[in-house]
Amino acid sequence: MKRNENYILRQVADEYILVPLTSDFDFNGIIALNEVGKEIYDLLPQVASQEELIERLYATFDAPREEITADAEGFLAALREEKILLD
């Protein structure tokens with residue numbers, strides 16, 4: 001899965017945020033990531049599919065598979081909408 005390299009991840013205090021490197025595109029604001037969102041963002045270049053991502057998250061977090069799947073799908077949809085995730 002390919003991330004848009006026009007964004008960088010920065011830590012500000014206890015929070016992680018995605019910051020656009022350019023103003024050449026329409027962006028609806030800064031995206032703050034929780035622990036799971038950061039883990040998903042970090043895993044994107046390491047996995048080939050959404051299913052592989054969900055398997056890796058399931059192995060990492062102690063939560064029901066349905067919850068992990070729903071959260072991951074929602075977050076990936078938001079990243080796609082903002083063109084942060086390029087498929």
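The values are calculated or read from the model by the stated rules, or taken from the named source; none is laboratory data. The structure displayed is predicted, hence computed values, not measured ones. Reconstructed Cβ throughout: ideal geometry from the backbone, glycine too, with neighbour counts over all protein chains shown. For the accessible areas, the whole protein counts, side chains as well, though only heavy atoms, and no ligand, DNA or RNA atoms are used. Shrake-Rupley method; radii C 1.70, N 1.55, O 1.52, S 1.80 Å.
Overview of values
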quantity: Value of relative contact order over the chain, rounded to a whole percent, pairs C-alpha under 8 Å and six or more apart; calculated: 34
quantity: Cβ-placed point charges (K, R +1; D, E -1), dipole of the chain about Cα centre in debye, nearest 20; calculated: 300
quantity: Extreme residue, positive dipole direction of the chain, given options Ala70, Ile30, Gln50 (C-beta unit charges); calculated: Ile30
quantity: Options [x] 5.2; [y] 6.6; [z] 5.7 - which one matches mean projected area of the Cα convex hull in nm² as calculated here; calculated: [z]
quantity: Sequence of Leu9, Leu57 when ordered by accessible area, the most exposed leading, probe 1.4 angstrom; calculated: Leu9, Leu57
